[in-house]
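K.L.:
Have a look at this one.
The values are calculated or read from the model by the stated rules, or taken from the named source; none is laboratory data. Keep in mind that what you see is a predicted model, and the values were worked out from it rather than measured. Don't worry about glycine lacking a Cβ; one is built from the backbone with ideal geometry, like all the others, and counts go over all protein chains shown. Side chains included, ligands, DNA and RNA excluded: accessible areas come from the protein's heavy atoms. Shrake-Rupley method; radii C 1.70, N 1.55, O 1.52, S 1.80 Å.
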Amino acid sequence: MDLAKKVARIGIVFAMKGEAMATIQYYKLNKIKEIDSIEFYSNDDDSLIVSLNGKCAETGADNVGTQPATLNTYVHCTTFNPDIVINAGTAGGFQFAGAQIGDVYVGSRKVVYHDRRIPMPRYDDYGMGNYALLNTNAISRKLNLKQGIISTGNSLDFVDKDLQLMKASQAVLKDMEAASIAWVCKIVNKPFIAIKSVTDIVDNDIPTEIEFKKNFQLATANLNQKLVELIDYVKHKSIDEIFNSAE
Ligand code: SAH
């Protein structure tokens, strides 16, 4: 990774179209390409590329989860070669760790999985992911974003073992894509930032899907507002300035 390189093209990976609509409208992005299920949008000079996981042809559902996110990110990076990749989306938040509905977080320290249990030497660590993130302290301070560890899995709900692993990882947020996107970025050597807005509380008694629907609009509006600030912040800065800025 060339730490001195200035960011000229920003790639933003979303899972759901509903999460991305506010951003697509704000920047007046045009749909430029569809590669299999993945949809690409860009501005006039292609300095901003937004990609969506797309929809499942059989069910009409958005292709949420790690497989579509992996495909999306890989095709995005190999087709458009962005200088930085941002995963923007929604997440569940742990209230015991301070998360509230509508809070926007930048991922910090690491991203992990909570549903890849492989109890064998080496494979247990491999399963957890534990992908280190670049230092987001400056981003958090400048943009007034909370920081937290994100844990990824392929279910909207969770079983006891998932919860144990999320707690052991000190996760503050639970989503279905971030770790898989971080993994692709590691392989293709791209700097990665995750920005997530809280739609639902993991550690309360309200069913996630009810809270998710109720708070989706608020969360995506807050997400877009902070994403615009994040885009302004990273634009034309070097990777070193973005992640190591002491100001
Ligand atoms: N029930 C939703 C389906 C969306 S799946 C619907 O009716 O449209 C949830 C999406 O939001 C995923 O992309 C995931 O990354 C994110 N998400 C929000 N809250 C989550 C939670 N508590 N657990 C896991 N993913 C969550």
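K.L.:
Determine, yes or no, whether residue 205 is within 8 Å of the ligand (Cβ to nearest atom) and not aromatic (Phe, Trp, Tyr).
P.N.:
no
K.L.:
Also: Among the residues of region 153-181, how many are open to solvent by less than 10 Å² (accessible area, probe 1.4 Å) and closer than 17 Å to residue 109 by Cα?
P.N.:
9
K.L.:
From 161, 146, which residue is under 27 Å from residue 228 (Cβ atoms) and of a type in the set (Lys, Arg)?
P.N.:
146
K.L.:
Could we say that residue 214 is modelled with pLDDT of 95 or more, outside any helix (DSSP H, G or I) and charged (D, E, K, R) here?
P.N.:
Judged against the criteria, residue 214 is not a match.
K.L.:
Would it be correct to say that residue 66 is closer than 17 Å to residue 177 by Cβ and either of a type in the set (S, T, N, Q) or out of contact with any strand residue (DSSP E or B) (no Cβ under 6 Å at 6 or more places or on another chain) (or both)?
P.N.:
When the stated conditions are applied, residue 66 passes them.
K.L.:
Scan region 189-232 residue by residue and report those that are open to solvent by 20 Å² or more (accessible area, probe 1.4 Å) and of a type in the set (Phe, Trp, Tyr).
P.N.:
212, 216
K.L.:
What number of residues within region 1-37 satisfy the criterion of being away from the ligand (no atom under 16 Å from the Cβ), closer than 15 Å to residue 70 by Cα and part of a loop (DSSP other than H, G, I, E, B)?
P.N.:
In the first step, residues of region 1-37 are kept if they are away from the ligand (no atom under 16 Å from the Cβ); the result is 1-11, 24-36.
After this cut, where a residue has to be closer than 15 Å to residue 70 by Cα as well, the list is 11, 35-36.
In the following step, the residues that additionally are part of a loop (DSSP other than H, G, I, E, B) were identified as 36.
Total satisfying the criteria: 1.
K.L.:
To continue, here is another question. The conditions are (1) aromatic (Phe, Trp, Tyr); (2) away from the ligand (no atom under 16 Å from the Cβ); (3) touching a residue at least 60 places away in the same chain (Cβ under 8 Å), and residue 96 fails exactly one of them. Which is it?
P.N.:
(2)
K.L.:
Follow-up. Name the single residue, out of those in region 130-152 being touching a Lys or Arg at 6+ places or on another chain (Cβ under 7 Å) and over 17 Å from residue 244 (Cα atoms), that is surrounded by the fewest Cβ atoms within 10 Å (Cβ to Cβ).
P.N.:
The residue in question is 130.
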